[in-house]
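> My questions all concern the structure below.
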Amino acid sequence: MNKLTMDKLVALCKGRGIIFAGSEIYGGMGNTWDYGPVGVEIKNNIKRAWWKRFVQESENSFGVDAAILMNSRVWDASGHTASFSDPKMDCKKCKSRMRADTLISAHAKGAVNPDTMSNEEMQEYIAKHKLVCPKCGNCDWTPIRQFNLMFETSRGVTDENQNKIYLRPETAQGEFVNFLSIQRSMRAKVPFGIAQVGKAFRNEVTPGNFIFRTIEFEQMEHQQFCKEDDSSAFYSQYKEKAMNFLLDIGFAPEHLRFKDHDKLAHYAKAACDIQYLYPMGWEELNGIHNRGAYDLSRHQEYSGKSMLYTDPFNGEKYVPNVVEYSIGADRLMLAVLCEAYCEEELEGGDVRSILKLHPALAAYKVAVLPLQKNLSDAAKPLYERLKKRFMTAYDDAGSIGKRYRRQDEIGTPFCVTIDFDTLENETVTIRERDNMQQKRVSIDEAEKIIEESLRV
Ligand code: ATP
């Protein structure tokens, strides 16, 4: 069958109400995307499954929903004001701005790692290999400069009295600045975790790739606060937990791999990514970092508030270490869609496109389909009943085959068909998306089958 390309996925998402280009009627706005009725359900389900695993089912994990706009001192403490930047250069011919490191990565295919190169070394590489502008094909670049990725805005009561503030470039600081409040209010004992799902904003220059890298995105993060001696064990534990979560929501093991960072931040003890095999190749899906005591120590220094934790058992005082696990909800959505998409040739030569989503992630869990339009009166009460428990679609337009295809394309795991027997004995036909098998069951049984499929 045909290979999935990003263009094909973008077209499917647009046509089936999953994801649309942002501000489309005005010609769009680069690297912004809007989730449609089907997409918002899938994304919410991804976030729900993540929260269930990393908060609900994780002992001593606490959720938080911190403000996007924070005191700008937070970003001084975190180091973002000084050094949250990408190496960029402009094409002198067509004026496109490009990231030097991504241009080199795409060319070198692993032979060199731009993360370990200085701007001068990258410039030399680009000149030596004559790397051209992907937009106009010329090799005439301005010198590489570092550009800060934070979006600035201002806050003030009068025009003269404006303070510069930032849209947060990551959610992590919301977890760190609430460490003391959460520890005290929840009487939490180290080790414990703080999790958050929320928006982050980065003024990124990107080479496309749909929702892989956008300027506005959501992160799902878990920060584990622990003693220094325990941090390596938690790092390994979170690597395993992060991988298991992906496998449990339907990823094939051969499409995922760990990749250690070649260059560590000066405070970090270890860092790795889980990469996924996207249509454009292996790229980061999530990161896991053993960050030492850097984050809380910096906030202690900049805020003047003590971040010392006192061990209730032996009175030992220390600034907790952090093991961070961070994954983009949108980047995971992209990986989930790529992983789920497939095409099957049917008898007679027709091709059906399917999103083989884990039922827990599917937008609609079931579609109610009256076999013929004159069965709508019998089908409506079933629809009313099912939608109280599950996201349920209803479709009575077109042939039954076409209606099945429409549900397959958006990943609905079950279709329930109402026919004349339903009127006699209250049974329905339930069809499974992946193997297209159908069986006749009572309505109670159909509900049970759907319910059981939703476990992650
Ligand atoms: P990258 O190397 O891809 O720029 P990063 O290492 O800067 O990512 P982190 O700051 O560690 O990423 O962010 C954690 C996670 O947030 C990433 O693994 C990714 O899933 C997601 N993420 C980061 N930047 C973006 C973005 N611009 N668009 C969508 N998701 C993002």
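The values are calculated or read from the model by the stated rules, or taken from the named source; none is laboratory data. All values derive from a computational prediction rather than experimental measurement. Don't worry about glycine lacking a Cβ; one is built from the backbone with ideal geometry, like all the others, and counts go over all protein chains shown. Remember, those area values only see protein heavy atoms, side chains included, never the ligands or the DNA or RNA. Shrake-Rupley method; radii C 1.70, N 1.55, O 1.52, S 1.80 Å.
> Within the accessible area of segment 265-309, what % is carbon and sulfur when the probe is 1.4 Å and the other protein chains stay in place?
Here it works out to 48 percent.
> Check the cysteines of the chain one by one and keep only those with no other cysteine Cβ under 4.7 Å from their own.
Cys13, Cys139, Cys226, Cys272, Cys338, Cys342, Cys415
> Taking the Cα centre as origin and putting +1 on Lys and Arg beta-carbons and -1 on Asp and Glu beta-carbons, what dipole magnitude results for segment 277-374, to the nearest 20 debye? Display every interim value, and only then the final one.
Numbers: 9 positive and 14 negative charges, 101 e Å.
With Lys and Arg at +1 and Asp and Glu at -1, about 480 debye.
> Still on this structure, please answer the following. Give the lysines whose C-alpha is closer than 16 Å to that of Lys227, dropping any in the same chain fewer than 8 places away, or say none.
Lys227 reaches Lys189, Lys269, Lys317.
> If you don't mind, another one. Could you grab the relative contact order for segment 207-278? Cα pairs under 8 Å, six or more apart, rounded to a whole percent. Spell out each step's value before the answer.
Details: 29 pairs, mean separation 14.9, N = 72.
Relative contact order comes out at 21 percent.
> Could you calculate the contour length gain from Glu451 to Arg187, that is, 0.36 nm times the residue separation minus the distance between their Cα atoms, to one decimal place in nm?
Working it through step by step, the gained length comes to 91.4 nm.
> Show me 398-406, 280-288 ranked by packing, highest mean number of other Cβ atoms within 10 Å first. Please report the intermediate quantities before stating the final value.
Numbers: 398-406: 14.4, 280-288: 18.8.
Those peptides, ordered most packed to least, come out 280-288, 398-406.
> Something else about it: So if each residue of separation counts as 0.36 nm, and I subtract the Cα-Cα distance between Phe147 and Ser118, what length gain in nm does that give?
Details: separation 29, 0.36 × 29 = 10.44 nm, distance 1.45 nm.
The span from Phe147 to Ser118 would gain 9.0 nm if fully extended.
> Any aspartates and glutamates with Cα under 20 Å of the Lys402 Cα? List them, leaving off those in the same chain fewer than 8 positions away.
Partners within reach: Glu343, Glu344, Glu345, Glu347, Asp350, Asp419, Glu432, Asp434.
> Can you give the three extents of the C-alpha atoms in segment 265-338 along their principal axes, from longest to shortest, in whole Å?
So the extents along the principal axes, rounded to whole Å, are 52, 28, 20.
> Quick one: if you stick a label point 7 Å off each Cα along the C-beta vector at Ser399 and Lys130, how many nm between them?
5.6 nm
> While we're on this one: Compute the relative contact order of segment 209-334 as a whole-number percentage, counting only Cα pairs closer than 8 Å that sit 6 or more residues apart in sequence. Write down the numbers at each step before the final one.
Values: 197 pairs, mean separation 45.7, N = 126.
The value is 36 percent.
> Using 7 Å Cα-to-Cβ label points, what is the Asn138/Ala233 separation (nm, one decimal)?
6.1 nm
> Quickly work out the Asn244-to-Lys259 label distance, labels modelled 7 Å from Cα along the C-beta direction, and quote it in nm with one decimal.
2.5 nm
> Would you please give the FRET efficiency between Asn71 and Thr158, computed as 1/(1 + (r/R0)^6) with r the Cβ-Cβ distance and R0 = 22 Å, to the nearest 0.05? Mind dumping the intermediate values first?
Numbers: r = 20 Å, r/R0 = 0.90.
Once rounded, the FRET efficiency stands at 0.65.
> For segment 224-301, with only Lys/Arg (+1) and Asp/Glu (-1) charged at the beta-carbon, what is the dipole magnitude about the Cα centre, in debye rounded to 20?
Working: 9 positive and 13 negative charges, 15 e Å.
Dipole about the Cα centre, nearest 20: 80 debye.
> Mind checking the alpha-carbon convex hull of segment 101-146 and giving the volume per residue in Å³? Don't jump to the answer; show the numbers that get you there.
Values: hull volume 3.5 nm³, N = 46.
Value for segment 101-146: 77 Å³ per residue.
> Could I ask something else about it? If amide H atoms are built 1.01 Å from N in the plane of the peptide, which residues on other chains or at least 5 residues away come under 5 Å of the amide H of Ala200?
Answer set, sorted by chain and number: Phe217, Glu218, Gln219.
> For segment 298-456, what is the relative contact order in percent, using Cα pairs closer than 8 Å and at least 6 residues apart in sequence?
The value is 18 percent.
> Projected onto the charge dipole of the chain (+1 at Lys/Arg Cβ, -1 at Asp/Glu Cβ, origin at the Cα centre), which of Met98, Val319, Gln219 gives the Cα projection farthest towards the positive end?
Met98
> Roll a 1.4 Å probe over the protein chains and send me the accessible area per residue for segment 296-385 in Å². Each step should come with its number before you reach the end.
Values: 3740 Å² over 90 residues.
Roughly 42 Å² per residue, with all protein chains present.
> When all protein chains stay in place, what accessible area (Å², nearest 10, 1.4 Å probe) is found for Asp350?
100 Å²
> Now, a different point. P(r) of segment 85-167 in 10 Å steps, Cα pairs, percent per bin?
Computed distribution, short to long bins: 17, 40, 20, 14, 8, 1.
> If you don't mind, there's one more thing I want to ask. When we measure straight from the Cα of Lys128, which lysines land under 21 angstrom away, once same-chain ones fewer than 8 places off are left out?
Qualifying lysines at Cα under 21 Å: Lys88, Lys92, Lys93, Lys109.
> Let me ask something else about it. As a test of the formula, what do you get for the chain when each DSSP H run with n ≥ 4 contributes -39,500 (n - 2.57) and the sum is divided by the residue count, at 222 nm and rounded to the nearest 500 deg cm²/dmol?
Values: 15 runs with 147 residues, N = 456.
Estimated from H runs of four or more residues: -9500 deg cm²/dmol.
> So, one more: Considering only protein heavy atoms, with the full assembly of protein chains and a 1.4 angstrom probe, order Val10, Val55 by accessible area, largest first.
Val10, Val55
> With charges set only on the Cβ (+1 for Lys and Arg, -1 for Asp and Glu), what does the dipole of the chain come to about its Cα centre, in debye to the nearest 20? All intermediate terms of the calculation are to be shown ahead of the outcome.
On the way: 61 positive and 65 negative charges, 150 e Å.
About 720 debye.
> From largest to smallest, what semi-axes in whole angstrom does the chain give when each is the square root of 5 times an eigenvalue of its alpha carbon gyration tensor? Walk me through the numbers on the way to the answer.
Details: eigenvalues 374, 181, 84 Å².
Ellipsoid half-lengths, sorted descending, are 43, 30, 21 Å.
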